[in-house]
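As structure tokens, the structure follows; a few thoughts come after it.
The values are calculated or read from the model by the stated rules, or taken from the named source; none is laboratory data. Because the structure is a prediction, the values reported are computed rather than measured. Here the Cβ positions follow ideal geometry from the backbone for every residue, glycine too, while neighbour counts run over all protein chains shown.
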Amino acid sequence: MGKLILSLFVLSIFLNASNIYEKNCVTCHKKLPVTIDKYFYRYLLKYSSKQDVQDAMLKYILNPSKDKTVMPEAFILRFGIKKPTTLSNKQLEEAIEIYWEKYKVFGKLK
């Protein structure tokens, strides 16, 4: 009986675990007044393709700077430039892919 309860507990933790995007991106961005999807649309307007958007996001998140941001000057003056990520390149690429899949408009427009 004890093993069953322990197994169910471990399984519930596994099933409730958030993905890397939820754990590392959403937790910080939900503190800002600009919703996280707005960043995506700014990247999409500037870079257009999936590869270009993801490359630009990766470069910015690894080494944030005023020159690389897609946010307006007023936003930067109010909130500043983010700190570089502590995620590995692989983790960051995974988070960006999840972000892309969540907000992409391609194939969703009718």
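Of all residues in region 86-103, those being farther than 21 Å from Tyr41 by Cα, out of contact with any Asp or Glu (no Cβ under 9 Å at 6 or more places or on another chain) and crowded, with 16+ Cβ neighbours inside 10 Å number 0. Please tell me if Val53 is part of a loop (DSSP other than H, G, I, E, B) and under 19 Å from Trp100 (Cβ atoms). Criteria not met by Val53. List every residue pair whose Cβ atoms lie under 9 Å apart, where the two residues are 6 or more positions apart in sequence or sit on different chains, the first residue falls within region 43-65 and is in contact (Cβ under 8 Å) with a residue 60 or more places away in the chain, and the second residue, located anywhere, is loosely packed, with under 14 Cβ neighbours inside 10 Å and of a type outside the set (Phe, Trp, Tyr). Final answer for the pair search is Leu44/Lys104; Leu44/Val105.
Restricting region 15-35 to residues that are in contact (Cβ under 8 Å) with a residue 40 or more places away in the chain and of a type in the set (Val, Ile, Thr), the residue that is surrounded by the most Cβ atoms within 10 Å (Cβ to Cβ) is Ile20.
If you scan region 43-84, which residues turn out to be loosely packed, with under 11 Cβ neighbours inside 10 Å and within 16 Å of the chain's Cα centre (by Cα)? The answer is Gln51, Asn63, Lys83.
Candidates are the residues of region 1-50 that are outside any helix (DSSP H, G or I) and of a type outside the set (A, V, I, L, M, F, W, C); the one that is modelled with the lowest pLDDT is Ser18.
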